[in-house]
There are 2 protein chains.
Amino acid sequence: MSAVVENSAAQEELLRHRASIDNLDAALIHILAERFRHTKAVGALKAAHEMPPSDPAREERQVARLRELAISAGLDPDFAEKLLAFVIKEVIQHHEAQRS
Amino acid sequence: MSAVVENSAAQEELLRHRASIDNLDAALIHILAERFRHTKAVGALKAAHEMPPSDPAREERQVARLRELAISAGLDPDFAEKLLAFVIKEVIQHHEAQRS
């Protein structure tokens, strides 16, 4: 196969992967939007019933569970944990904004 | 409704939201695992064909598209952009590790 033909096949393969990545990113955005609908409702509920805004024991269980799920799915568990921490940080900021 | 009954209803509602959040988090982990399978293949393809590891024009289009999707889904577009940046940073670190 000539270098030009080979490179064009590689370009096509790249475009196929990118189309999948774009679909998966759209799915991620919609799942995150749905997740925030629930955490927003939790924030309102906690504020109305004077429950503590954060729950370290719950967060610890979430981290342990997501690390296990990540391992079984072939995803780096440290990355999964960092990502959850990133999302939870954003949620807590939203809760604090809801209270003030 | 007494304060105790009201609080127990609030606790039940909290548990329902948490069950949904746990399901959505499992979906997130699996979509991310699938996304990494594609970006890993892209990394291998780029390394084999000496294509540049990053593509700023592609990333710019991804950000613009995800911001629009976030807005239509009711998700903070700044959060969506920060999250994509976080995921792409991880992907680039993986690509660099694949090359070295």
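The values are calculated or read from the model by the stated rules, or taken from the named source; none is laboratory data. Computed from a predicted structure; not experimentally measured. Please note: Cβ atoms are built from the backbone with ideal geometry, for glycine as well, and neighbour counts cover all protein chains shown.
A quick yes/no check of all residues on (1) without any contact (Cβ under 8 Å) to a residue 24 or more places away in the chain; (2) at the interface with chain A (Cβ under 7 Å from one of its Cβ atoms); (3) assigned to a helix (DSSP H, G or I); (4) buried (at least 18 other Cβ atoms within 10 Å of the Cβ):
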{"position": "B:Q11", "(1), (2), (3), (4)": "yes, no, yes, no"}
{"position": "B:R16", "(1), (2), (3), (4)": "yes, no, yes, no"}
{"position": "B:S20", "(1), (2), (3), (4)": "yes, yes, yes, no"}
{"position": "B:D25", "(1), (2), (3), (4)": "yes, yes, yes, yes"}
{"position": "B:L32", "(1), (2), (3), (4)": "no, yes, yes, yes"}
{"position": "B:F36", "(1), (2), (3), (4)": "no, yes, yes, yes"}
{"position": "B:T39", "(1), (2), (3), (4)": "no, yes, yes, yes"}
{"position": "B:A44", "(1), (2), (3), (4)": "no, no, yes, no"}
{"position": "B:M51", "(1), (2), (3), (4)": "yes, no, no, no"}
task: Test each condition in (1) more than 18 Å from A:L84 (Cβ to Cβ); (2) crowded, with 18+ Cβ neighbours inside 10 Å; (3) at pLDDT below 95; (4) facing chain A (nearest Cβ under 7 Å) for B:A70 and report the one that comes out false.
output: (3)
